[in-house]
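Here the structure is laid out as structure tokens; the discussion comes afterwards.
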Amino acid sequence: MKPKGTAQKEEHEQFRPDLEKLKAYSEAKLDLADRLRVMRETLKSLGHDKSEQQCSELMVKLAEDRFTLAVLGQFNRGKSSLMNAIIGKEILPTGILPLTSAITILAYGPKERLVVERNNSAFPEEFATEALPDLVTEKGNPGNQKKIKSVRIEFPNSFLRRGVQFVDTPGIGSSIHANTVTTCNFLPECDAVLFVTSTETPLTSTEMQFIRDVREYVNKMFFIINKSDLLDEGDIRQVFEYVSGAIQKEPGINNDRIYTVSAKLGIQAIQEGHKDLYLQSGIKSLEEALSAFIVEEKSRVFLAAIAQKAARILDESEILGDVREELERTFNPDQTVREQRPEGLPAEAGYLMTERKPEHRENPETKFQNPDFSQDLRTKGCPVCKYMTDHATNLLIHWQYEIATDQGARNVFASEHGFCPLHAWQLMGVISPQDASLGFPVLADQLALELLTKGHENRERMWIANLVPDHGSCRICESLRTAEKNYLNALAEYIGDERGLQDYLNSQGVCLRHLGRLAELVPFADTVERLTRHAAEYLQGNSEDMRNYSLKRDALRRSLLNASEEDAYMRAIVHIFGDRMVCMPWPKDRYI
């Protein structure tokens, strides 16, 4: 039996509002950013510094993209309750006492936290969210004695994640004049307003005057009639008609954006996992309307403007020839603008952007040069392991560059589901966070798409684990197997000559794992015997060096240690087990 809280959470997720349009907008924005990045890098390589800077400025605008919804109304109308209902948790303080003159911002964050800015301090402070009432209410902070300028609450919520932030403003029309002043001063920073009234005394004369004042700053307004739970259906209809008629008389105000809700029922429904009650509260309809409105506004104005400015940069840069054609295929301004319309936004993950032609770089997967064994055998470790380690490093550096700069490489990387866990983590050792954030989104989208599309088709559950490559399907593993085979074949040929064999016997030799593979390739039994005797003598020497190391350390005579004794333990481990960089769980039948 599932815990009650788990069941409630699952039920809650089932009736949360449909935010697919808002999600699709985010994907379209990031796709536009990818196209701008290609433009910027191309312009940089061609020396178009001014155009490159202009592209960077457009990317800054995309990065700063957010939509601010101010929640306005007289105190005790349920503004804070409404915001609590939208995010699904009672975080903001509610009650009959007005708030202080501090602005409270509700925005996305990966974890719940409270960040406070004071009027007399340049450094923000962090508090537990439970401290919020002591900071923003008149009871906890009378007259704003604590000099709070703004309070930012970060919360992990899917609606907020899409760049939306709510601002809870001090109530208007209260006895605290500073509250109304604070609200009016903040309005120019807002994109739209949620004006909250209630069924008890809908749209008072004070509220109507404030609505007229607000129009000077923001002309996009939603009207929320809260506390619908206090009336029956007939009375609610009358209140709705009254509010609609009053708004219609005001020139330039859209009376189509009026919603009747019960924030109280919304919170109760979420806490109890009650789907029908949540629908009855009206919160779901309001969130979906806000989502559609935000997408339409941002797509029609914001993204379209960015795309058009990027097209002008391309025109003004005077790029000619093949590079110009390639850029126009990568960034098609007409297509980009069209994609930003709500009905044209991509609805699922897995988008593939036009490939960019990278600078020519030789792929180390297809490269094998005859080794210089006279040099390789001088290593303190296993020469085969060293060759494979160098080969793996070159491969990882190659793929780090490719997935950071070329969309075609990202598509290949995604289609193969990346590398096995070992080589994925080794890749993370050579890639920067920025390049990883450029290279891995397509892989993440591809895996998400397969999880969504195959989940209902496949009854066997092993397919989920098989999404992650193993040693049999990893591109790096396969290349290392080939490199190992080629190197051992070349080494076997090298020691087939007496001079080469003497070079080998004068060195530390190969690890036991590779000695076994090498012995299979050597045609003469006496040569194999000499190789095994050499390995035994080398391990005996390691053992002696390790004992000497322990003796001299115990006797406090570290000054007597020689270089062979100091690293004997590491050389022994490498020669017994092989280098840690290439110790992979490969089945025997995959070797040579």
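Per the listing 472, 509, 500, 516, the residue uniquely among the small types (Gly, Ala, Ser), within 30 Å of residue 374 (Cα to Cα) and part of a loop (DSSP other than H, G, I, E, B) is 509. A single entry from 58, 62, 43 fulfils the requirement of being surrounded by 24 or more Cβ atoms within 10 Å (Cβ to Cβ), over 30 Å from residue 210 (Cβ atoms) and within 29 Å of the chain's Cα centre (by Cα): 43. For region 548-561, the tally of residues that are modelled with pLDDT of 80 or more and either among the basic types (Lys, Arg) or surrounded by fewer than 16 Cβ atoms within 10 Å (Cβ to Cβ) (or both) stands at 9.
When you scan region 253-261, do you find a residue that is touching a Ser or Thr at 6+ places or on another chain (Cβ under 8 Å), at pLDDT below 90 and under 29 Å from residue 279 (Cβ atoms), even just one? Yes, because at least one residue in region 253-261 is touching a Ser or Thr at 6+ places or on another chain (Cβ under 8 Å), at pLDDT below 90 and under 29 Å from residue 279 (Cβ atoms). Residue 125 falls short of the stated requirement of being surrounded by 15 or more Cβ atoms within 10 Å (Cβ to Cβ), without any contact (Cβ under 8 Å) to a residue 40 or more places away in the chain and of a type in the set (D, E, K, R).
The residues listed here are 483, 490; of these, the one that is surrounded by 15 or more Cβ atoms within 10 Å (Cβ to Cβ), touching a His at 6+ places or on another chain (Cβ under 7 Å) and not in a loop (DSSP other than H, G, I, E, B) is 483. Considering region 399-452 alone, what residues qualify as being in contact with a Gly (Cβ under 6 Å, 6 or more places away or on another chain) and either over 21 Å from residue 478 (Cβ atoms) or β-branched (Val, Ile, Thr) (or both)? Hits for region 399-452 are 403, 404, 445, 449. If you go through region 215-243 and keep only what is over 20 Å from residue 264 (Cβ atoms), under 37 Å from the mean Cα position of the chain (by Cα) and not in a loop (DSSP other than H, G, I, E, B), you end up with just 221. The sole residue among 399, 425 that is part of a helix (DSSP H, G or I), crowded, with 19+ Cβ neighbours inside 10 Å and not charged (D, E, K, R) is 399. Selection of region 128-159 for residues being hydroxyl-bearing (Ser, Thr, Tyr) and touching a residue at least 60 places away in the same chain (Cβ under 8 Å) yields only 158.
The selection criterion, being at negative phi and modelled with pLDDT under 90, holds for residue 181. With (1) at pLDDT below 50; (2) surrounded by 14 or more Cβ atoms within 10 Å (Cβ to Cβ); (3) assigned to a loop (DSSP other than H, G, I, E, B) as the list, and residue 337 as the residue in question, which single condition is left unmet? Status for residue 337: all satisfied but (3).
Of everything in region 553-579 that is in contact with a helix residue (DSSP H, G or I) (Cβ under 8 Å, 6 or more places away or on another chain) and of a type in the set (A, V, I, L, M, F, W, C), the residue that is farthest from residue 539 (Cα to Cα) is 560. Just to be sure, is residue 450 over 27 Å from the mean Cα position of the chain (by Cα) and either of a type in the set (Asp, Glu) or modelled with pLDDT of 90 or more (or both)? When the stated conditions are applied, residue 450 does not pass them.
Looking across region 217-243, the residues that are exposed (fewer than 15 other Cβ atoms within 10 Å of the Cβ) and without any contact (Cβ under 8 Å) to a residue 24 or more places away in the chain come down to 232, 233, 234, 237, 238, 241.
The values are calculated or read from the model by the stated rules, or taken from the named source; none is laboratory data. Computed from a predicted model, the values in this text were never measured in an experiment. Glycine also receives a Cβ, built like all others from the backbone with ideal geometry; neighbour counts cover every protein chain displayed.
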